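Remarks on the structure that follows.
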Amino acid sequence: MKIGIYEQIINQLFEEKISSIDQNRFYIGERVIKKDEVAKLLSMYLTSIFEQVLSDMVDINDETDEEDEQKDSSVKRGLELANSIIRKLVNEFHLDSGNLVSAQAKILTAVIDKTQSDYPDLAKRLEEMMPMKGLINGALFTGKGMKMYTELQKEIVSADEIRLMVSFIKKRGLALILPRLREFTNRGGQLKVITTTYMQATDYDAIIQLSSLKNTEIKITYDVSSERLHAKAYVFLRDTGFNTAYIGSSNISEQALDTGAEWNVKVTQMEQPRMMKTILGAFDASWWADGYETFVNGEDNERLKAALNKEVDNEIDFSTLKGLIRPFDYQQEILERLQVEREVRNHWKNLVVAATGTGKTVMAASDYKAFAEKHERARLLFVAHREEILRQSLQTFRQVLSDYNFGEKWYGGEEPANYEYVFASKDTLNNRLDSLSLPEDYYDYIVVDEVHHVAASSYRKIINHFRSKVLLGLTATPERMDGEDITQDFDGTISAEIRLDDALNKGLLAPFYYYGITDSVDYSEVAWDKGHYVASELSRIYSYNDARTAVILQSLQKYLTNIRDVRALCFCVDQQHAKYMASKFTLCGLKADVLTSENAQMRAPLYRRLKNNLAEAPINFVARKRMRIWKSSNSCQWIKCSHSSENSKARQWKAPSRESSNTPVEVICTGKIMSMGVIVAHGAKVRKAYRNTTFMMHQVSGLSFGTLREMEDTVAEASRINEILFNIIKSKTKVTQEQLDEVLQKKKDRFLTAEEALGLGVLTELM
């Protein structure tokens, strides 16, 4: 049984074959025979059986000279068989061979190997592939209603070989089907094109575009005086035998395929096998005929220009443009080292160490581009642990490849429609590995970014699952704190590297100044393990060490021109230390916040605020929380609520009151609704949210300083406010006191998905 798409009545033989194949590996598409199809489909099915048997018996294709007696015998046997079939149908109304139609009365639409499919939803993909008029029925296209080019697009997707014959090809007409033709040839499909220079109607650029496609041959007749080619044919051949062709008046032009009143007849192998055979024969005759010459881009360009009588110079010097991404000299050196590792030393698992800021992703994209030029349909998997990295990497690949439709996202709830070129988070991929039908060698080229994490079990599962031709690991820090050797997955070696000192010496990074500051801390009692101090031990002597913190602050003031103009990242040994330092910075009047695994969802907004130094929320060190939105159903009111690290005052706002307004107020929650945002949301009776919304509740937080009595008063007031806020939550939702006590006792933020929030009454409706 051939793999592909069909419109085949399922007979007993087919049923047996289908039942014998692996249902988990193959997608089996079926549909019920429609009432208005019964007469035509069944008669066509019977016709095909009768024609096959009679053809073998009578040998109607035999054109050799036979004795009259032998011919008469063949004809007689054919007539006897036909009469016997008629008698059986009349008397018995059944057939007892393997060609009996299945009792299920279904049409086989597809047999597709799941392990070789790039698409997760094969039913949806089949809809995209199957022509609207099907693969059996002929049709007439007149330019009214269904457009010719839309049907051609579907035919291209499911074809194994395509043959086109037209008088001329226009660039705008070709643009309607060129993307699909490029996909077709990239997956190995064979394309043959016959055209002419008649009346100089063909666009030179259209021929150049076609010739740039893989697996494509173009033949052109330059002599139009002796033979004028006026034929228009679009032929689509399939390994399954369900061939189709379009014969009519449409050349490859926008008017002919889209807007014009052109007539084209669709011919199918199943309906008109003899006509299809004639069409294929006529095409082959023209293909091999004298006067039809193969066009070779780079050799025949000037001849084509002359034949079209056009001065064509559409080449653009892209080197003058600054926005395009091309490898720098040092990046090109690394790319050449990778080539040597693979082609000379046969090392196809490569580790690249490159300092932050040297363009690891550009190197990876350029390397993949070179690989894809030598390997058709080089499937790509790019894995990283953060969405930000994946988003930026996808954009870089698109720029390097000059294809802004390249690649799909597989993270943050986004699912790829096609598995061929995927940028996936390691967590999402891990969760789906067991349910994927992809074989271990599906991906040709795999990139693992921040590969120093590879020792983690989540990465190990991915690395062990796939067996790609190329495995490329990227990192700026190959030396792990735990002493694990990451080179073991890369033939035990680093293929290419550019370290921080090299990058600085070459002037690739911004210059920096390094100051050695005397540290008065006694490290003699700190535990030492695997070449490093134990982080928890360091945290013990760093946290709540005001003397050491004072030295840091004094040094900042000493070496920086204006400490309040600085935007900085401060790296701490653990979460406790980070929280302590942020609180001390804030207490001293510096704007600071904390980023740890506990609030990792705030990474993107904190990064934007730190990078852009937003006027509404400037920060010196790390970042700060942001606002939520309030929406009224009739008249919109947008209310901001934010935490401030500058002082203890929140931004002033007044919530609309249902008691004082006739406007029914509803809240629409998007993104992350956190802290006070949850309280604000409960000001409305109707509370809606999108399914990707996250909610966070926590106890009142803040800083206390001054005399002991002043701090006690602050704690008492915080407890009173905390009780008020929790009472609001309890009165408006199904959240229990026990659940709120858990927040207090564990001193931990409570995160809720949109579905969980709906179940607890935080929301009244999901959008």
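Answer with yes or no whether Arg548 is within 30 Å of Arg377 (Cβ to Cβ), without any contact (Cβ under 8 Å) to a residue 40 or more places away in the chain and not in a strand (DSSP E or B).
no
For Gly492, state whether it is loosely packed, with under 10 Cβ neighbours inside 10 Å and either under 24 Å from Gly357 (Cβ atoms) or under 42 Å from the mean Cα position of the chain (by Cα) (or both).
So Gly492 fails the test.
Need the failing condition index for Val470 against (1) closer than 30 Å to Thr361 by Cβ; (2) not assigned by TED's automatic domain parsing to the domain that holds Trp348, just the number.
Every condition holds for Val470 apart from (2).
Looking at Tyr149 and the list (1) over 22 Å from Ala282 (Cα atoms); (2) assigned to a strand (DSSP E or B); (3) aromatic (Phe, Trp, Tyr), which single condition is not satisfied?
Status for Tyr149: all satisfied but (2).
Among the listed residues Lys374, Lys426, which satisfies the condition of being in the same structural domain as Gln488 (by TED's automatic domain parsing) and buried (at least 17 other Cβ atoms within 10 Å of the Cβ)?
The match here is Lys426.
Failed condition for Arg172, given (1) at pLDDT 90 or above; (2) buried (at least 16 other Cβ atoms within 10 Å of the Cβ), with all others met?
Every condition holds for Arg172 apart from (2).
If we keep just the residues of the range 382-413 that are of a type in the set (Val, Ile, Thr) and closer than 26 Å to Arg182 by Cα, which is surrounded by the fewest Cβ atoms within 10 Å (Cβ to Cβ)?
Top of the filtered list is Thr396.
Please specify each residue of the range 206-228 satisfying the condition of being surrounded by 20 or more Cβ atoms within 10 Å (Cβ to Cβ) and more than 30 Å from the chain's Cα centre (by Cα).
Ile207, Ile218, Ile220, Thr221
Please work out which residue is farthest from Tyr443 (Cα to Cα), limiting yourself to the range 109-134 and to residues that are among the β-branched types (Val, Ile, Thr) and touching a helix residue (DSSP H, G or I) at 6+ places or on another chain (Cβ under 7 Å).
Thr109
Look at the range 584-604 and say how many of its residues are of a type in the set (D, E, K, R) and without any contact (Cβ under 8 Å) to a residue 24 or more places away in the chain.
Residues flagged as of a type in the set (D, E, K, R) and without any contact (Cβ under 8 Å) to a residue 24 or more places away in the chain within the range 584-604 amount to 0.
Show me the helices (runs of 4 or more DSSP H) entirely contained within the range 294-393 in which 2 or more residues are closer than 30 Å to Ser468 by Cβ and modelled with pLDDT of 90 or more.
329-343, 360-374
Can you tell me which residues in the range 465-487 are at pLDDT 90 or above and farther than 28 Å from Leu509 by Cα?
Across the range 465-487, the qualifying residues are His465, Phe466, Arg467, Ser468, Lys469, Val470.
Just wondering, is there one or more residues in the range 528-538 that are more than 47 Å from the chain's Cα centre (by Cα), outside the structural domain of Thr356 (by TED's automatic domain parsing) and under 23 Å from Leu590 (Cβ atoms)?
No, the range 528-538 contains no residue that is more than 47 Å from the chain's Cα centre (by Cα), outside the structural domain of Thr356 (by TED's automatic domain parsing) and under 23 Å from Leu590 (Cβ atoms).
Quick grid of which residues meet (1) among the hydroxyl-bearing types (Ser, Thr, Tyr); (2) closer than 21 Å to Val594 by Cα:
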{"position": "Ser524", "(1), (2)": "yes, no"}
{"position": "His532", "(1), (2)": "no, no"}
{"position": "Leu538", "(1), (2)": "no, yes"}
{"position": "Ala550", "(1), (2)": "no, yes"}
{"position": "Val566", "(1), (2)": "no, yes"}
{"position": "Phe571", "(1), (2)": "no, yes"}
{"position": "Asp574", "(1), (2)": "no, yes"}
{"position": "Ala582", "(1), (2)": "no, yes"}
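State which residue is modelled with the highest pLDDT when the search covers only the range 433-444 and only residues that are charged (D, E, K, R) and either surrounded by 14 or more Cβ atoms within 10 Å (Cβ to Cβ) or within 17 Å of Leu472 (Cβ to Cβ) (or both).
So, considering only residues that are charged (D, E, K, R) and either surrounded by 14 or more Cβ atoms within 10 Å (Cβ to Cβ) or within 17 Å of Leu472 (Cβ to Cβ) (or both), the one modelled with the highest pLDDT is Asp444.
The rows are residues; the columns are (1) assigned by TED's automatic domain parsing to the domain that holds Glu15; (2) surrounded by 13 or more Cβ atoms within 10 Å (Cβ to Cβ); (3) at pLDDT below 75.
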position	(1), (2), (3)
Asn91	yes, no, yes
Ser97	yes, no, yes
Leu100	yes, yes, yes
Asp118	no, yes, no
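The values are calculated or read from the model by the stated rules, or taken from the named source; none is laboratory data. Fair warning: this is a prediction, and the values are worked out from it, not measured in the lab. Heads up, the Cβs are rebuilt from the backbone with ideal geometry, glycines too, and the neighbour counts pull from every protein chain shown.
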